[in-house]
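A.B. asks: First the structure, which I've put down as structure tokens, then a few questions once you've had a look.
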């Protein structure tokens, strides 16, 4: 008991150093992980689909996929996992950690790049490094999916318009024979540079709902 | 220019003196008066109009003087004008009018607050609501008690006239002088264009501290009557605060809902739509004032609640009317307030006391700085985006006092407060100090400290998509983490809004329209009209690029729904670039709005005629007629749409391509347009995009929040 406890604490410390969370936050996340997986060791898609809050979210499929996407876990591979461990869970969540207050601009730029990379991976479902029109269209359709009266026409129109905007902003004049493949990561960063991702894409990591957890470990 | 202003002042002063002359002149039998003067008949409206006219002419004058408006904020200039006018009147032997508190609170203040509340940027406000509330409530309380207690201490130490000040009077004075004034803050901050966060912090604080000020003011006034203070009274005071604040908000919300509901049925009487907005808001303010609730909070709540629903219901013209009227009234009000402040300074009885005044100014500054620093230290523990030292400095430095403090002091009765004159003098000095010294120096300080300025953000469909995507993503991640945070509740509120409230309050099919769609439609419409605007003076017969037009025709045609649909269709096929407008919360410069309804119809017709001529250029390109989508309309409008589209394209390629590239640039655009709906995917995106033009932003698109 004692050995496993200290071993776990040691592992938490490692995780904390790697991802930037505090020990307290890692403990809370561990409790949450245990709750979600019903005390198993690995998290699967079904566990996430059981969360009631997520069921009404229009983009839940992409959110769930993001947890199992290898590109977010720091490896240079592509593809998906079927189940993830606690470490990988925390790694994905670390993309949403608010940045520390006084950090130099360079680091802030890196953080922004990482968060935008996360978003990009969420859109680029076929892993080819480019967001094509189809993928973007799907994103818009999902966003509008909660409104039953909106047809596919409108989603198509909006995504077309958005792609055109990206093209005109990033590429400018194109020759008559060129055509626009899709949004690359650099272009993605360019069009969203005014969104201040590093301040917006954060959530607080305290006040986790620990009331419904089982006690005893 | 200066001579003109001087003459104006002179003429005005004469006019005022002339007002008071007695014109009745009875004798026994008189000749039939061919021409007679009866000034009494029109005196009141005449004087009011003359004042307003003077105020507006002053504003005009300031902006004509080239360098002045860049250095000195308008509020300072207006106070100086007020001083001059007051001096002039006194020189003529009359008593200058003092800023009547009833006039101020019932007529001059509501338009400014309504303007502020109606156009309040909701998203930054709710994101920083906790911070704003803390500054407003805790900060104001701290200021009031610190200034009051310290002043009392000083008065105790000082012998002489000050010794008669008791604790309650000092506390009352502290509560009056410590409230940050929305009018002054608006007047100064609008001209310096700092970033959104700081603007909303200071401005939000100035709006919300009204509740605290009202409660403290009435509390101390009552206690001064009663004499002794018990613990029960203090407790009641705290209860009173909640009643005042929440009651004001509820009154405002009720009236807001009523206004939204009424606007649902106004589709047949579009002309009086703006009137409902104004009347309901004013009634909210007055109803709150009846019960001594916070009128300002009622007004803000009313504006905030009714805005999304009213805007979905009313016509575009009514929206423009509301916007222009609110800006106009609030601008005039603000000008009048500052001029009157100047005049009242000359008028009122003054009791100058060096110690009192200097100590007051010093204490105000000190308490403000201490309060901001202390509160920020606590708040930063709970904020994700911490407030830096620079931010704190701007927040502290932006705590300007204004006419509300003066009017509140003016309302004091002289029996209970024999030192009222001294209070008034001190308050006027504080106001002058903050408006002149702080107002004038804040702009160079902002530049010196390199505070982030307001970003001219683009009106971009990509940003809108991703903003919404982020909202859902963050709500989802919060769900995964089991954390019921900001995003979770906002999501719930949006869903509740969509399912229940929007169904009731928005008429017709607009209630089912998601935000993204309305944003996209608005943007398309705006771009279509802007392209048409630029097209109107583009010389179609030559290939020379045309300058952007500055004058517009003044026809007023009604733009029907079908025309709107057409324009949207044009855009959907041709969404090339986004020319945008400067986002501005400024009251003084309204965005040069495209006069949407006016000339688009005539232009479309004109283009069709010119198009017939131009068509010969494009005989090589197969002009495939676009198959009209199922939901659409008469053939005539289709042909017009078809004819109009290439002309729009031509204007674009005219503007962007020059010389040799022209022919190459033109053909692909036309090919693109005509093939848009039918071509395969990759080709569809072959966008020979135009160059970037300077981009500006349109305010009301982003306000549909």
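A.B. asks: Before we move on, is residue B:312 surrounded by 24 or more Cβ atoms within 10 Å (Cβ to Cβ), over 17 Å from the mean Cα position of the chain (by Cα) and not in a loop (DSSP other than H, G, I, E, B)?
C.D. replies: no
A.B. asks: What about residue B:416, is it within 22 Å of residue B:352 (Cα to Cα), away from every other protein chain (no Cβ under 14 Å) and either surrounded by fewer than 16 Cβ atoms within 10 Å (Cβ to Cβ) or at pLDDT 85 or above (or both)?
C.D. replies: Criteria met by residue B:416.
A.B. asks: Working only within region A:36-57, note down all residues that are surrounded by fewer than 18 Cβ atoms within 10 Å (Cβ to Cβ) and more than 24 Å from residue A:25 (Cα to Cα).
C.D. replies: Result: A:46, A:55, A:56.
A.B. asks: Quick one: which residue in B:76, B:107 is within 30 Å of residue B:290 (Cβ to Cβ) and modelled with pLDDT of 85 or more?
C.D. replies: On inspection, the qualifying residue turns out to be B:107.
A.B. asks: Scan A:13, A:25 and give me the residue that is surrounded by 12 or more Cβ atoms within 10 Å (Cβ to Cβ), away from every other protein chain (no Cβ under 13 Å) and at pLDDT 80 or above.
C.D. replies: Matching residue, one of A:13, A:25: A:13.
A.B. asks: Moving on. Residues being within 21 Å of residue B:258 (Cβ to Cβ) and either within 26 Å of the chain's Cα centre (by Cα) or more than 13 Å from chain A (Cβ to nearest Cβ) (or both): count how many of those fall in region B:490-502.
C.D. replies: 5
A.B. asks: Mind checking which residues of region B:333-362 are outside any loop (DSSP other than H, G, I, E, B) and more than 19 Å from residue B:403 (Cα to Cα)?
C.D. replies: Correct list: B:354, B:355, B:356, B:358, B:359, B:362.
A.B. asks: Let me ask another. Suppose we keep only residues that are part of a loop (DSSP other than H, G, I, E, B) and buried (at least 20 other Cβ atoms within 10 Å of the Cβ) within region B:459-489. Which one would you say is farthest from the other protein chains (Cβ to nearest Cβ)?
C.D. replies: Checking each candidate, the answer is B:459.
A.B. asks: May I pose another question? Mind checking which residues of region B:126-165 are part of a loop (DSSP other than H, G, I, E, B) and touching a residue at least 12 places away in the same chain (Cβ under 8 Å)?
C.D. replies: B:128, B:158, B:165
A.B. asks: Right, something else. Scan region A:108-125 and give yes if some residue there is surrounded by 20 or more Cβ atoms within 10 Å (Cβ to Cβ), more than 10 Å from chain B (Cβ to nearest Cβ) and over 27 Å from residue B:488 (Cβ atoms), otherwise no.
C.D. replies: Yes, some residue in region A:108-125 is surrounded by 20 or more Cβ atoms within 10 Å (Cβ to Cβ), more than 10 Å from chain B (Cβ to nearest Cβ) and over 27 Å from residue B:488 (Cβ atoms).
A.B. asks: Consider residue A:201 carefully, then state whether it is surrounded by 17 or more Cβ atoms within 10 Å (Cβ to Cβ) and either at pLDDT 65 or above or more than 9 Å from chain B (Cβ to nearest Cβ) (or both).
C.D. replies: It is true that residue A:201 is surrounded by 17 or more Cβ atoms within 10 Å (Cβ to Cβ) and either at pLDDT 65 or above or more than 9 Å from chain B (Cβ to nearest Cβ) (or both).
A.B. asks: Being surrounded by fewer than 20 Cβ atoms within 10 Å (Cβ to Cβ) and under 15 Å from the mean Cα position of the chain (by Cα) narrows it down to one of A:98, A:104, so name that one.
C.D. replies: Of A:98, A:104, the one residue that is surrounded by fewer than 20 Cβ atoms within 10 Å (Cβ to Cβ) and under 15 Å from the mean Cα position of the chain (by Cα) is A:98.
A.B. asks: What about residue B:232, is it free of Cβ contacts under 8 Å to residues at least 40 places away in the same chain and either part of a loop (DSSP other than H, G, I, E, B) or surrounded by fewer than 17 Cβ atoms within 10 Å (Cβ to Cβ) (or both)?
C.D. replies: So residue B:232 passes the test.
A.B. asks: Going residue by residue through region A:162-184, is there one that turns out to be more than 9 Å from chain B (Cβ to nearest Cβ), at pLDDT 80 or above, surrounded by fewer than 17 Cβ atoms within 10 Å (Cβ to Cβ) and farther than 26 Å from residue A:20 by Cβ?
C.D. replies: Scanning region A:162-184, I find at least one residue that is more than 9 Å from chain B (Cβ to nearest Cβ), at pLDDT 80 or above, surrounded by fewer than 17 Cβ atoms within 10 Å (Cβ to Cβ) and farther than 26 Å from residue A:20 by Cβ, so the answer is yes.
A.B. asks: Those residues that are closer than 30 Å to residue B:105 by Cβ, within 24 Å of the chain's Cα centre (by Cα) and outside any loop (DSSP other than H, G, I, E, B), I need them from region B:367-404; list them, please.
C.D. replies: If the condition is that a residue be closer than 30 Å to residue B:105 by Cβ, within 24 Å of the chain's Cα centre (by Cα) and outside any loop (DSSP other than H, G, I, E, B), then B:394, B:395, B:396, B:397, B:403, B:404 are the ones that fit.
The values are calculated or read from the model by the stated rules, or taken from the named source; none is laboratory data. What you see is a predicted model, and the numbers here were worked out from it, not measured in a lab. Note: ideal-geometry Cβ built from the backbone for every residue, glycine included; neighbour counts use all protein chains shown.
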